[in-house]
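First up is the structure itself, then whatever we jot down about it.
The values are calculated or read from the model by the stated rules, or taken from the named source; none is laboratory data. Please read all numbers here as calculations on a predicted model, not as lab measurements. Neighbour counts run over all protein chains shown; Cβ positions are idealised from the backbone, glycine included. Calculation scope for accessible area: heavy atoms of the full protein, side chains included, ligands and nucleic acids excluded. Shrake-Rupley method; radii C 1.70, N 1.55, O 1.52, S 1.80 Å.
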Amino acid sequence: MFNDFKPVDGRPVYIQLKEYLKKMITNGHLLEQQKLPSTRELSTLLSVSRNTVLTAYADLEQEGLIYAIKGKGNFVGRVETAKAASLQLNWEEKINELTMLADEMDLMKHGVRWDKGMIAFNSIAPDQKLFDVENFKRAFLTRMSIEGHIVLNYGYAKGFKPLIDYLLHYMEIKGVDISNKDVLITNGFTEGLDIVLSSLSKKSARILCENPTHQSALKLFRLHGFEIHGIEMDDDGINIPKLEDTLSNTDFDLAYLIPSYHNPTGIVTSSEKRMEVMRLMSKYQIPILEDGFNEELRYSGSHLAPFAAIAGNGNNVIYLSSFSKILFPGLRVGWVLADKELIYYLESMKRARTIHTSTLDQAVLYQYLHDGHFEKYLKRARSVYKKKYELAVHTCEQYLPFKRMTGDGGLHLFIELENHIDSRHLLKKCYQKGVVFSPGDVFYTNGKGSNTFRLGFSRLKEEDIVRGIKVIGDILKKEYGGS
């Protein structure tokens, strides 16, 4: 007995020993009133210090698992180890339709799998090699020294006030009139969208968006029971005549739009079209859910004001964003900027669901932003991503026989092939050569897009971008012809 105890490095040995003995007791391998080896015996047997055994025994005694008799040693206490009759439920029969729908749309489970060593164009997450770890550590230590006892406790549903104030100022710099606006901090963009959709009434149960659009947003729309109407996009944004025609014939509860570095097309909506969209939404009294997405990743061209800025002192735009795609996605901090009255109600929905977003995460992010590190990081990230973007565009033009390519910046390109080409068939062939990408049909509201795919290049080395696009091009030419 005890010869299978194998401590691992990097964790206190006394805790490992305590957990080892506790497991033996609760599993019935050590019986009630059984005498344990003396601390000296066990330390010799396991080749650990006697103090390690003394500390482990003291903790087990405190938990009521063992007891000591003076002069006699340590003994196993009374622990209930009996097991009830086993019951095996069929959980699939107990899962509701909503969960089954979520599972069906779960690309992490049912999408293309990629293995280590593959060239993966299916991610648009930031390149972790760019992460400003040292300054983030400094921000963490600074904030902990200022108010560690506060940020480790429960926080407020609305969010960490210094971060809220920072974000209001941040949006004001973008041209947003914040005089009657407020911010709700969320666990990333997705929770913010979910809270908004959960809080607003459904009269028509219809939502309008660009087609294609963000796949995670589509999932939430369907889970919330919305009928989705997608409007196709031109190279400078949503098709205005089709948008106007749709609005004149159909009622909508909401419009969800991504005007900058649209996901998945990468298109930036022109300033003229932004004004037209705002005019139409005002005319038909439709709230806009504006996805801020990669707004900061502008490599060239003039600044374009978000819908939230164009709205002036109007209150029909709900702006959702996070720093996940450009900074630290592991923090899961996003925000909703909207009319104060709406935020008042969203706060209650947030509190009812998740109580609050991690105060520690919010506080450290605030300190990092406050200390000016974000601006420096963003300059470096823009430089790296711009180089990758320009390389991806040039390589696609050189090797891919595409029908249309869009992407004005950001972290991805969207490729449209000839109508007879199936991107999923292409993906299977590319997978065999160690290259994967995101098939475009998952982004469409109406099942179309079988001849499209998204190329995310943010996390790839420059040589892999070239090599991967060459592989896709070679297979395209071999399978479908073209030059």
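Name every residue in the stretch 373-421 that is open to solvent by less than 50 Å² (accessible area, probe 1.4 Å), in contact (Cβ under 8 Å) with a residue 60 or more places away in the chain, in a helix (DSSP H, G or I) and over 18 Å from Asp127 (Cα atoms), in order of residue number.
Thr395, Cys396
Scan Arg454, Arg424 and give me the residue that is surrounded by fewer than 24 Cβ atoms within 10 Å (Cβ to Cβ) and touching a residue at least 12 places away in the same chain (Cβ under 8 Å). Show your work before the answer.
Numbers: Arg454 fails: surrounded by fewer than 24 Cβ atoms within 10 Å (Cβ to Cβ).
None of the others qualify; the one that does is Arg424.
Among the residues of the stretch 1-22 satisfying the criterion of being aliphatic (A, V, I, L, M) and buried (at least 17 other Cβ atoms within 10 Å of the Cβ), which is farthest from the chain's Cα centre (by Cα)? Don't jump to the end; show me each part of the working.
At the first step, the residues of the stretch 1-22 found to be aliphatic (A, V, I, L, M) are 1, 8, 13, 15, 17, 21.
Okay, now just the ones that are also buried (at least 17 other Cβ atoms within 10 Å of the Cβ), so 13, 17, 21.
On the way: Val13: 36, Leu17: 38, Leu21: 40 Å.
Taking the candidates together, the pick is Leu21.
Picking from Thr395, Thr357, which residue would you name as being within 13 Å of Leu455 (Cα to Cα) and not hydrophobic (A, V, I, L, M, F, W, C)? So that I can check it myself, show each step before the final result.
On the way: Thr357 fails: within 13 Å of Leu455 (Cα to Cα).
The unique qualifying residue is Thr395.
Any chance the stretch 342-361 includes a residue that's under 30 Å from Asp245 (Cβ atoms), in contact (Cβ under 8 Å) with a residue 12 or more places away in the chain and either in contact with a Gly (Cβ under 6 Å, 6 or more places away or on another chain) or open to solvent by 20 Å² or more (accessible area, probe 1.4 Å) (or both)? Don't jump to the end; show me each part of the working.
Our first condition is that a residue be under 30 Å from Asp245 (Cβ atoms); within the stretch 342-361, this holds for 342.
Then keep just the ones that are in contact (Cβ under 8 Å) with a residue 12 or more places away in the chain; that gives 342.
From what's left, either in contact with a Gly (Cβ under 6 Å, 6 or more places away or on another chain) or open to solvent by 20 Å² or more (accessible area, probe 1.4 Å) (or both): 342.
For the stretch 342-361, residues under 30 Å from Asp245 (Cβ atoms), in contact (Cβ under 8 Å) with a residue 12 or more places away in the chain and either in contact with a Gly (Cβ under 6 Å, 6 or more places away or on another chain) or open to solvent by 20 Å² or more (accessible area, probe 1.4 Å) (or both): present.
Filter the stretch 23-79 down to residues that are among the charged types (D, E, K, R) and within 43 Å of the chain's Cα centre (by Cα) and give me whichever is least open to solvent (accessible area, probe 1.4 Å).
Just the residues of the stretch 23-79 that are among the charged types (D, E, K, R), to begin with: 23, 32, 35, 40-41, 50, 59, 61, 63, 70, 72, 78.
Those still in the list that are within 43 Å of the chain's Cα centre (by Cα) too: 23, 59, 63.
Values: Lys23: 132, Asp59: 40, Glu63: 84 Å².
Selected residue: Asp59.
Would you confirm, using the coordinates I've provided, whether Gly266 is at positive phi, in contact (Cβ under 8 Å) with a residue 40 or more places away in the chain and not hydrophobic (A, V, I, L, M, F, W, C)? Don't jump to the end; show me each part of the working.
Values: at positive phi: yes; in contact (Cβ under 8 Å) with a residue 40 or more places away in the chain: yes; not hydrophobic (A, V, I, L, M, F, W, C): yes.
It is true that Gly266 is at positive phi, in contact (Cβ under 8 Å) with a residue 40 or more places away in the chain and not hydrophobic (A, V, I, L, M, F, W, C).
Condition first: assigned to a strand (DSSP E or B), within 28 Å of Thr265 (Cβ to Cβ) and over 24 Å from the mean Cα position of the chain (by Cα). Now tell me which residues in the stretch 168-210 satisfy that. Show your work before the answer.
Let us first name the residues in the stretch 168-210 that are assigned to a strand (DSSP E or B), namely 181-186, 206-210.
Checking which are within 28 Å of Thr265 (Cβ to Cβ) leaves us with 186, 206-210.
Arg206 - this is the single residue of the stretch 168-210 that is assigned to a strand (DSSP E or B), within 28 Å of Thr265 (Cβ to Cβ) and over 24 Å from the mean Cα position of the chain (by Cα).
Somewhere in the stretch 440-448, is a residue under 28 Å from Ser324 (Cα atoms), touching a Ser or Thr at 6+ places or on another chain (Cβ under 6 Å) and either open to solvent by 20 Å² or more (accessible area, probe 1.4 Å) or without any contact (Cβ under 8 Å) to a residue 12 or more places away in the chain (or both)?
Checked against the condition, which is being under 28 Å from Ser324 (Cα atoms), touching a Ser or Thr at 6+ places or on another chain (Cβ under 6 Å) and either open to solvent by 20 Å² or more (accessible area, probe 1.4 Å) or without any contact (Cβ under 8 Å) to a residue 12 or more places away in the chain (or both), the stretch 440-448 yields at least one hit.
Any residue that is closer than 30 Å to Lys219 by Cβ and of a type in the set (A, V, I, L, M, F, W, C) - is there at least one of those in the stretch 12-19? Don't jump to the end; show me each part of the working.
Here is the first cut: in the stretch 12-19, the residues closer than 30 Å to Lys219 by Cβ are none.
Looking for residues that are closer than 30 Å to Lys219 by Cβ and of a type in the set (A, V, I, L, M, F, W, C), one finds none in the stretch 12-19, hence no.
Quick check on this structure: which one of Leu327, Leu320 is at pLDDT below 95, of a type outside the set (S, T, N, Q) and farther than 16 Å from Met278 by Cα?
Every option except Leu327 fails the conditions.
For Met105, only one of the following conditions fails: (1) at pLDDT 90 or above; (2) in contact with a Lys or Arg (Cβ under 6 Å, 6 or more places away or on another chain). What is its number?
For Met105, the failing item is (1).
Go through the stretch 107-121 and count every residue that is open to solvent by 40 Å² or more (accessible area, probe 1.4 Å) and not basic (Lys, Arg). Steps first, answer last, please.
So the first thing to find is which residues in the stretch 107-121 are open to solvent by 40 Å² or more (accessible area, probe 1.4 Å), and the list is 107-110, 112-117.
Still in the list and also not basic (Lys, Arg): 107-108, 110, 112, 114-115, 117.
Matching residues across the stretch 107-121 total 7.
Quick one: Lys429 ticks every box in (1) open to solvent by less than 10 Å² (accessible area, probe 1.4 Å); (2) touching an Asp or Glu at 6+ places or on another chain (Cβ under 7 Å) except a single one, so which number is it?
Condition (1) is where Lys429 drops out.
Working only within the stretch 141-160, note down all residues that are in contact (Cβ under 8 Å) with a residue 12 or more places away in the chain and buried (at least 16 other Cβ atoms within 10 Å of the Cβ).
Listed by number, the residues that qualify are Arg143, Val151, Gly155, Tyr156, Ala157, Lys158, Gly159, Phe160.
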